[in-house]
Every structure is written in structure tokens, then in C-alpha cells.
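Read-outs: derived from the displayed coordinates by stated rules, not from any lab. Fair warning: this is a prediction, and the values are worked out from it, not measured in the lab. Glycine also receives a Cβ, built like all others from the backbone with ideal geometry; neighbour counts cover every protein chain displayed.
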Ligand code: C5P
């Protein structure tokens with residue numbers, strides 16, 4: 001039986017030529033046993049008729065806020081609650097822009113804003129529109145809201161031009177949804193604590209000691225754990241990311257001391273803790289209460305003190321059954337350093353990434369890791385998107 005069987009799916013259709021492919025997608029979803037509610041934009045109806053769609057979905061197609069002749073109100077809120085997922089295919093540049101900025105002037109965008117479940121977005125547009133900085137920025141915004149982008153393919157476009165912008169084929173979109181629903185809820189009932197990002201250690205009111213950590217790996221881990229059923233506390237240093245999964249509680253902190261306090265509070269109650277943050281090792285001994293001025297007679301000397309080691313502190317209070325996972329970002333002697341940290345911090349597993357590997361470490365969207373367990377075993381993984389690396393890490397934690 002398909003994982004889509006019995007699932008409630010909202011299929012959002014926008015006004016693009018690829019809308020003809022939505023008919024095949026609808027058929028595939030219905031065939032797999034899903035209950036599909038089509039929501040179409042006014043422009044979408046210029047490309048494909050509601051009669052075709054309602055015949056296939058066996059449900060009236062929703063497009064307006066009201067049915068004109070009866071005044072019946074279509075509740076986007078109820079629809080949003082009903083859905084197990086929403087897929088917008090094709091998603092045009094205009095609708096992507098509206099979704100990114102909350103411009104709720106049609107039923108599709110209001111439904112999107114009300115949807116509590118996972119949203120998939122399959123963009124389709126001409127190559128120049130696809131490559132425009134505005135489109136790229138809007139798609140990145142959708143990603144930051146936790147939406148999954150089903151990337152368009154490169155190929156021949158309706159305009160006759162050739163490039164990136166063809167909506168992904170319906171079979172592939174259906175496969176993405178199928179894979180999403182077949183995922184095991186193997187972290188259901190577990191509480192997971194994750195640290196992410198850098199810490200900022202104040203020097204004076206305008207300066208700090210920090211590092212290049214973007215938080216992407218930790219946020220991907222939080223998303224992955226939440227999507228597998230965990231209740232997640234994400235203790236995050238200063239980063240420009242956001243997360244929208246309802247099962248993730250974000251605690252924003254700035255310094256290592258604040259991060260430690262937030263972790264100590266959450267750890268007692270956690271089954272798994274993953275220390276992904278790049279915590280500053282040292283902090284200024286004293287924080288100047290005014291900006292340190294350049295006109296000093298001498299170059300100021302900033303005295304540093306050691307920061308608490310959060311992972312090691314949690315390692316000392318670890319209960320039986322709790323799992324503690326650390327990260328090691330190394331520039332040399334990678335394996336030896338990682339193994340030493342694993343034992344010194346009383347970790348059950350350590351995820352090693354090397355600054356020497358291209359595409360790994362700080363700021364990138366990909367990572368290449370080796371995972372070493374406390375029993376000494378090691379597994380090396382290839383270069384992958386951080387979300388897939390997160391899945392490998394969670395799979396490995398579950399073997400402990
Ligand atoms: O010793 P190092 O900083 O390289 O250790 C890395 C691991 O320890 C990471 O899991 C990191 O999150 C954690 N750590 C910590 N507190 C610190 C320093 C590192 O929790 N002060």
C-alpha cells in the first residue's frame with residue numbers, strides 16, 4: 001500500500017503553463033489513495049479548468065473565498081488544519097513572492113498561511129525569472145520557513161528557451177510526497193536538545209568575539225528530529241536562520257554562559273542531546289560598559305577567561321539511557337582530536353567534519369562527515385546537503 005493512502009493533500013495550482021502537468025500529479029495522488037483538495041489561483045483557471053480537476057479529485061475545486069451564487073464561505077483555516085501536507089505545483093514567481101511576504105489576496109495564499117503541515121513548493125517559470133535575484137531570495141525565504149522546495153529541472157521551456165525552470169515531473173513530485181509520508185516516526189515521544197550556531201562573547205557594547213558558524217547544520221538537525229516525531233529544544237546562538245516546525249522550541253542565547261544555562265535546564269528532561277554549536281572557547285574577562293575608544297594612549301589588552309565546556313558539563317551529569325552527541329570541526333589530526341573529545345566529554349558519539357574537505361564545515365549548505373561511536377567504530381559519509389547529513393546522524397544515534 002502507498003504511504004499516500006488516506007492522506008489529506010492540498011494541491012495548489014498557479015497560473016503557469018506547467019499547470020497542465022498538475023492534472024497528471026492529481027491523478028497519481030488520487031490513484032495512490034490520497035484525498036486531494038485542489039486550490040487554484042484565479043490565473044490558474046486560465047490554464048486548466050476546474051471541471052477537469054474536480055472530476056479527478058471528486059471534490060469541488062476551491063478558488064474564491066466565497067461561492068458566488070450561494071455565498072458559501074470556504075474556510076482556509078479549516079483546510080489548513082485538514083491537510084497532512086500541501087503541495088503547490090506549479091508555483092509561479094508571483095505566488096512564491098506572495099507566499100514569501102504574506103500577501104494573502106487569494107485563496108491559495110491564505111490557505112498556505114493557514115497550513116500547519118509540511119508544504120512542498122514546485123516552482124515553474126522561464127529561466128530568466130527563475131534566475132532573478134528576487135525569485136532566488138523569495139525561494140530562500142520559503143526554505144527558511146521550513147517549506148521543502150522541489151527544484152525545477154533544466155530543459156526546454158514553453159518559451160522555446162532552454163534552461164532551468166521546468167516544473168519537476170509529476171511522478172517525481174509524487175515520489176517526494178510518498179518518501180515524506182513513508183518516513184518512520186522513529187523519534188516519536190523522544191525529547192531532543194540541540195545547540196546551534198556560534199556564541200558571541202561581548203568585549204564592549206558594540207564588539208564581540210565570535211566565529212563563522214552559520215547554524216545551518218544544527219537547524220537542519222532540529223528540522224530532521226522534529227519531522228521524525230521528536231519534541232525539540234533548539235538552543236541557538238546568534239544566526240540569521242529561522243525555523244517554523246511546531247515541534248521545535250527555539251531558545252535564543254548570545255554567550256556560552258547563556259547557552260550553558262539554557263542547556264542545563266533542558267538536558268535533565270532530554271533523551272538525546274546534540275551539541276552542534278561552535279561555542280567560543282574564551283570570553284573577555286571583563287566587558288567594558290562603554291565603547292573602547294581608538295584614542296587610547298596604548299593598544300588595549302583584552303584579558304580572556306575560559307568559557308564553560310557545555311558538552312563536557314552535560315557529559316558529567318548524563319543519566320543512564322541519555323545519549324550525548326558532539327561535533328568536532330578540525331583542521332588537522334582530525335581523527336585523533338575527535339576521539340580525544342569523545343572520551344574527554346563523555347560523549348556517546350562524535351560527528352567529525354574537516355575544514356580540509358571542500359563543501360564541509362562553516363556556512364556551506366553541504367557537509368561531509370565521519371561519525372565515531374564510543375565503541376570505537378567509525379563510518380565515513382560522502383558530501384551531502386546538510387538535511388541529508390542530519391538524517392544520517394539521527395539514523396546513527398538510533399543505533400546506539
Ligand atoms: O573542544 P571543541 O570545542 O572542539 O569541542 C567541540 C564539541 O564540544 C562540539 O560538540 C561543541 O558544541 C561542544 N562544545 C561545547 N562547549 C564549549 C566548546 C565546545 O559544548 N565551550
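The long axis of helix 334-344 is offset from the longest Cα principal axis of the chain by roughly 70 degrees. With an a/c value of 1.5 or above and a/b not larger than b/c for the gyration tensor axes a ≥ b ≥ c computed over the alpha-carbon atoms, the range 336-400 is described as oblate. Taking other Cβ atoms within 10 Å as a rough exposure proxy, 63, 154 sort from fewest to most as 154, 63. Take the Cβ atoms of residue 305 and residue 254, set R0 to 22 Å, and the FRET efficiency comes out at 0.85.
Distance between the 7 Å Cα→Cβ label points at residue 399 and residue 379: 0.3 nm.
Residues 232, 251, ranked from the fewest to the most other C-beta atoms within 10 Å, line up as 251, 232. Estimated at 0.36 nm per residue, the fully extended path between residue 357 and residue 5 surpasses their Cα-Cα distance by 122.5 nm. Spin-label model, residue 171/residue 336: points 7 Å from Cα along the beta carbon direction are separated by 5.3 nm.
FRET efficiency for the residue 282 to residue 82 pair, using the beta carbon distance and R₀ = 56 Å, is estimated at 0.60.
With R₀ fixed at 51 Å, the C-beta to C-beta distance from residue 72 to residue 290 puts the FRET efficiency at about 0.20. A convex hull fitted around the alpha carbon atoms of the chain yields 180 Å³ per residue.
Extending 7 Å from Cα along the Cβ direction at residue 207 and again at residue 49 yields two label points whose distance is 7.2 nm. Remark: the residue 64-residue 113 segment gains 16.1 nm on full extension, using 0.36 nm per residue and subtracting the alpha carbon distance. The order of 8, 333, going from fewest to most other C-beta atoms within 10 Å of their C-beta, is 333, 8.
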